Amino acid sequence: MSTEQEVNKKIEEGVKEAFPMADNVDWNEVYQRIIYRYSTPHGLQHVKEELYKLEDEGEIIVHHIKPYNNPVKMQSLNGTPKVIPTNKLWQHKSCGQCGHIPGYPTSVFWMMNKMEIDYMDEPHQTSCTGWNYHASGASNPVALAGVYVRNMWRAYEIDYYPLIHCGTSFGHYKEIRNMIVLHKEIRDKLRPIMRKMDMDIVVPEEVVHYSEWLYTMSKKAVQQKKYDLSKVNAAVHTPCHVYKLVPEDTIYDPDVFQGRRPAAPSGTVQNFGAKLVDYSTWWDCCGFGFRHILTEREFSRSFALFKKVIPAVEEGHADVFVTSDTGCVTTLDKSQWAGKAQGFNYNLPVLADAQFAAIAMGADPYTIAQIHWHATDVEGFLRKIGVPVDDYKEKFIQYLADIREGKTEPQYLYTPHRKIDFYLSVPERVKWYKGDKGANQKTS
Amino acid sequence: MFMGKKMATRSVLELPDDPRFMDMAYEEQGAVSEEERNLSSLKPEDRETAVKFWQAVKSDFRFDEYLRGCLNCGVCTSGCPAAKFYDFGPREMIQYMMRDEADKIWEFVNKKVWACVQCYTCSMRCPFNNEIAGLIMVLREYSVQFALESAKEILAPYRRVLYTVMTMGNQVTPDMIQPEAFPDWGPQAVEESKNMDVYRKSIPVDLMQRTDIGWHPSLQTAVEMMTIMFESGVMDSIKKVDPDLYDMIEDIYQDRKSQLEEIKEKWEKHELNENELPDSWLDL
Amino acid sequence: MAGERVMVIGSGPAGLSATKELTNMGFNVILVERESYLGGTPKKLKYSLLFPELRPATEVIDPLVKSVQESKNVKFYMESIVEGAKEEGNGFVVNIKDKTGKVTSEKVNAIIAASGFEHFDSRRKYEYGYGIVPNIYQISDIERMLSENKLVTTKGTPPKRVAILLCVGSRDATVGNTYCSRVCCAVSVKQAMEIKERIPDAVVHIYYMDIRTYGLMEDKLYWKSQLEYRVGYIRGRISEFMRGPNDTVIIKGEDTMNLNRALVVPYDMVILANGMEVGLGSKQVAKALGLQFEEHGFIRPSDPDRLPVQSTRKGIFLAGALTGPKTISDSITEGYAAAMKAYEYVTKGIWDESSFGKAVEVVKH
């Protein structure tokens, strides 16, 4: 009898694997359903199982998503759930965004303020070093794992869940997470280094990109929408590192391109009421190339223009290009000007989904979305959707003049850091910023 | 007028330099194994390094996981952005690897490997689940570790990025966008660099108000980054490629570490007077 | 031996042939079929000509359907599925549910599962844009278009340039199917010849990695298509499609005979040779009957070499494509074999044991 039960259990599992969420569904409906069975060499399920096994054995610490992170269950490529935490988040910023598209992170912060989401943004974060690594190869697996775990530790020790801003960091961290989980030799080399810094190997149970968070929140965010986007043709560039690295660990949604393309940022654009337009090279990269954007710009320029901007405009009649990663915004935005000399005057506005959403929700296009860092005609696009750009601009120019002359102090999205925080990462820092309400923190 | 002297003597068919193309080469070489004969196409001074390099790559813990097999279908190359512009294709690399062609790998790693844009389209689409872009990274890592000429060349313009990432854990600086360096980015880049100071000050986040760093990390964070880079052996490979850069970072590391230790000690003993610290540790 | 009853699940080539043999041997058959008609997938998708003899599918299927329909010893449960099989006495009590939800129980001595396969749904290979980009079809769509004599593009005209892509959903780890579907090469070559027969001036290209017209089909299909029809064979797998002007489809691939050379070619019509999967129907049957799956998701026979038509559960036999990709003639043969094994089992109690797969399995990744 027990063998029969075993067999039944095996079949249950087999069927479950084929259509994971279909325990009580109508079979006819199941016949119609498209089920992806993407498998990376090890399979994400396997990695997750190993992760919890290592936690049980005390090999690693797992940073769990807690109820106060307001987790929302989304669906990944295979139909398996991916849990997106939506509150109490640790901002893992992007170096390229902060350096060259500062309106990108500030739009994220601004929306979180608007939706009353608790977050921490700290000086105790390094970049993921993925840009340097993919460009030059000047790193190694242990160093990459060390950088990842160190950042994760800083989030873990104050019990805020890491939210990754950069697409490359996101994809890269997914790979590093798998590597740490699957390779003991990496953990063994990593552990003494972490101990040197009074840390241990901590791995969050999900790696989450902000665009996934934004899509998850978009239906709520859109309630605060200020401008009508229904006449906007928006083309989307889905960043490669978001969905091509560990493909089964990115959210998909049957509502977005029938579940055949990543849910973010296309779904966000859709939920904000813009018309999503399609073009044949949607899956192609933007031309950033990590090294190419600095030293092979002929390639980056040509690729961005001919493979992305021109198809988006000619095939999709796009008014705006929305994307969700650092390099893509930079490449698509900056590469268009040089085309003018050759007669390719497209000037298609390029925005990150965060900026796009924040502006639609009424964020100041200059002080918050910081569109003056963009080379393309974002202002023209904003005028089209009814944003009083000129009023904002006038005010902003005055603001800049006042800052320059020392007449005013900069405004802040959250309380500026204390001096000590620029030197040491003191564990009780959360209390200072959040008072006692941030007190369900770890004292590990 | 086309019949110059040289042209007149050149035959339509030229004999290839690579003896592997010629069946007749067996006359001279005898029937030697492919692996041995492959090497003869390399310059004698390169042979030893080429073999060592290939052995090192093959013994990396990721190699067997990333390279699984090849159906020769070409999906990787047809989706490849770099293959649309350069004489480059992922299938080429996979085939060299599958066939143990140390000489071809050597040629590939000294040039073509740098064409890849790391978009991972090939990895996502490969029906055999090869982690192709990851294999490219393994080759690139080892070319830095072996301090190959191509790696040195590639890293030269990257010095500043490397310096920033190693010492501050942040890869870009806003002020790196200088109009002279980016003339193709047009007038906006000029405007941006002209107003850099005030543009940065107007950003509503205190961490992002400097022009020389994307966000201002803490001193402890910077020291920890350098600790990871030294302890994990990354700096050892930098030493081989760019010894000056190594020395510079080493000095900074020692300075910052002792500054941090001093501040930490004082803080723990409640002796630290915060007012005496400069606003930024970068000014220490 | 009156009253011996065997249940056959599925009325495709395998199920029909098993039913026919069992009734010939004097058994009563309970035939359960999900659809409202007999004939299985060849009927459902309206297959045109069959390879390698290039004769109409109806010539093969219809006589089988007819003889089963005319038999007095077959009880039909149409538009019904099996829900569970409980062992009772020397047989099973099987619950059968019809489309209204009504459940009927039948007592049988043995069961033959012949619930077949499903074609791979090319929408799952999402970079191919099947269902989004016009004029991309699957071989299963083309069979219907050929048999209805309506092989036209969205513009209503016969295609002048046709590309056929092999191995869609087969030999592809990205969709989880790492096996070869065996029949798609032959079907595609057959379709290429059928298209050339009807549109002699059409250009037909087959994109392949390997051509597997194994056995006697090599010259009947692969060689003939070149000798007599000048079908072009291009080596390489297509990685994606673009919408071209005038509803054309532009395919992109690597010409693998010329290193790093790109193929960007327009066609009026693109045909995806979608492979075979066990399908949800057979998965449901396996669940209801308590059968095991093998590593590709097909149903596991108790011994793939020695006992290919015997399942892992005593008294249940297997026939046709539910155990792996098969041709129609193979399925018919398996129908015979399963009928014979069921006869032996019911009349003499013969059930072979096998040590296959009993050893501890090591799961490899």
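Calculated on the Cα set of segment B:36-146, radius of gyration then Dmax: 13.3, 39 Å. Excluding the site residues themselves, the longest part of chain A lacking any GluC sites (Glu not before Pro) in a DSSP loop with at most 14 other Cβ atoms within 10 Å is A:117-404. Note on chain C: with charges restricted to the Cβ of Lys and Arg (+1) and Asp and Glu (-1), its dipole about the Cα centre is near 460 debye. Under 5 Å from the amide H of C:Asp303 lie the amide H atoms of C:Gln310, each residue being 5 or more positions distant or on a separate chain, with H modelled from the backbone and absent for Pro and chain starts.
In this structure, B:Glu276 and A:Glu409 have a Cβ-Cβ separation that, at R0 = 25 Å, corresponds to a calculated FRET efficiency of about 0.60. Ordering A:Ala352, A:Ser127, B:Gly186 by Cα displacement along the dipole of the protein assembly as shown toward the positive end leaves A:Ala352 in first place; charges were set at the Cβ atoms of Lys, Arg (+1) and Asp, Glu (-1).
Considering only C:Lys314, C:Lys348, C:Lys150, the mean-square fluctuation computed in a Gaussian network model of chain C, springs between alpha carbons under 10 angstrom, is largest for C:Lys348.
What FRET efficiency do you get for A:Glu298 and C:Lys314 if R0 is 60 Å and r is their Cβ-Cβ distance, rounded to the nearest 0.05? Given R0 = 60 Å and the Cβ-Cβ separation, E is 0.25. Its DSSP H runs of at least 4 residues, each contributing -39,500 (n - 2.57), put the calculated 222 nm mean residue ellipticity of the protein assembly as shown at -11500 deg cm²/dmol, to the nearest 500. Axis angle, to the nearest 10 degrees, between helix C:13-24 and the longest C-alpha principal axis of chain C: 30 degrees.
Tell me the net charge near A:Val350. Cut-off is 12 Å between Cβ atoms, A:Val350 excluded, with +1 for each Lys or Arg and -1 for each Asp or Glu. Charge balance near A:Val350 sits at -3.
How high is the relative contact order of segment C:121-275, in percent, with contacts defined as C-alpha pairs under 8 Å that are six or more residues apart? Contact order relative to length: 33 percent. Considered as an equivalent ellipsoid built on the Cα gyration tensor, chain B has semi-axes of 48, 25, 19 Å, the largest given first. When the listed pairs A:Lys219/C:Lys287; C:Lys287/C:Lys341; A:Lys114/A:Lys395; A:Lys340/A:Lys395 are checked against a 28 Å cut-off, the alpha-carbon distance exceeds it for A:Lys219/C:Lys287; A:Lys340/A:Lys395. Mean sequence separation of contacting Cα pairs (under 8 Å, at least six apart), scaled by the length of segment C:1-86, corresponds to a relative contact order of 36 percent.
When restricted to Cα atoms, the protein assembly as shown yields an Rg and a Dmax of 32.5, 108 Å, respectively. Counting neighbouring beta carbons within 10 Å and listing from fewest to most, the residues A:Thr408, C:Thr100 come out as C:Thr100, A:Thr408.
Listed by chain and number, the lysines placed with their C-alpha closer than 22 angstrom to that of C:Lys150 are C:Lys43, C:Lys44, C:Lys46, C:Lys160, C:Lys190, C:Lys196; residues fewer than eight positions away on the same chain are left out.
A simple count of charges around C:Lys155, restricted to other residues whose Cβ falls under 10 Å of its Cβ and scoring Lys, Arg +1 and Asp, Glu -1, yields -2.
Largest GNM mean-square fluctuation among C:Leu259, C:Leu54, C:Leu322, using chain C with Cα springs under 10 Å: C:Leu259.
Our summary of shape: the Cα atoms of segment A:350-414 have principal axis extents of 34, 25, 20 Å, ordered from largest down, in whole angstrom. Compared with the direct C-alpha span, the chain from B:Asp247 to B:Gln95 gains 50.7 nm at full extension, assuming 0.36 nm per residue. Spin-label model, B:Ser59/C:Met340: points 7 Å from Cα along the beta carbon direction are separated by 5.8 nm.
The reciprocal of the average 1/r between distinct C-alpha atoms defines the Kirkwood hydrodynamic radius, which for segment C:93-197 equals 17.0 Å. Here each label is just a point 7 Å from Cα along the line to Cβ, and for A:Glu57 and B:Arg68 those points are 2.3 nm apart. Scattering from chain C was approximated by placing one identical point on each alpha carbon and applying the Debye formula without solvent; log10 I(q)/I(0) at 0.15 1/Å stands at -1.23.
At a Cβ-Cβ separation cutoff of 4.7 angstrom, cysteine residues of chain A with no neighbouring cysteine are A:Cys95, A:Cys98, A:Cys128, A:Cys166. When its C-alpha radius of gyration is set against 2.2 N^0.38 Å (N residues), segment A:225-399 gives a value of 1.01.
Here segment A:44-210 is treated with +1 on each Lys and Arg Cβ and -1 on each Asp and Glu Cβ, and its dipole about the Cα centre works out to around 320 debye. Once both labels are positioned 7 Å from their Cα atoms along Cα-to-Cβ, the gap between A:Gln342 and C:Ser355 label points is 7.0 nm. Take every Cα pair under 8 Å whose residues are at least 6 apart in sequence, average their separation, divide by the length of segment A:225-399, and the relative contact order is 25 percent.
Between B:Lys111 and B:Gln254, the C-beta separation translates, for a Förster distance of 35 Å, into a calculated FRET efficiency of about 0.40. Normalised by 2.2 N^0.38 Å, where N is the number of residues, the alpha-carbon radius of gyration of segment C:121-275 equals 0.97. Largest GNM mean-square fluctuation across C:Ser36, C:Ser115, C:Ser355, computed for chain C with C-alpha springs under 10 Å, falls on C:Ser355.
Note on the protein assembly as shown: antiparallel DSSP beta bridges, both residues inside, total approximately 45 percent of the bridges counted. The alpha carbon centroids of segment A:375-429 and segment A:82-133 are separated by 16 Å. Cβ crowding within 10 Å ranks B:His270, A:His417, A:His209 as B:His270, A:His417, A:His209, fewest other Cβ atoms first. Distance from the Cα centroid of segment B:189-235 to that of segment C:209-225 is 64 Å (rounded to whole angstrom). Between B:Asp87 and B:Ser150, the contour length at 0.36 nm per residue exceeds the Cα-Cα span by 21.0 nm.
The fewest-to-most ranking of C:Arg237, B:Arg37 by surrounding Cβ atoms within 10 Å reads B:Arg37, C:Arg237.
Of the trypsin sites (Lys or Arg not before Pro) found in segment A:193-236, the ones in coil according to DSSP and having at most 12 other Cβ atoms within 10 Å of their Cβ are A:Lys226, A:Lys231.
Computed from phi, the 3J(HN,Hα) profile of segment A:312-324 under the Karplus parametrisation 6.51, -1.76, 1.60 (θ = phi - 60°) reads 5, 7, 6, 8, x, 6, 6, 9, 8, 10, 10, 9, 9 Hz, with x in place of Gly and Pro.
In segment A:81-182, the convex hull through the Cα atoms has an average projected area of 7.2 nm², a quarter of its surface area.
Quick note: the coordinates plus some simple rules give every number you see, no bench work behind them. Nothing here was measured: the structure is a model prediction, and the numbers come from that model. We place every Cβ from the backbone using ideal geometry, glycine too, and count neighbours over all the protein chains shown.
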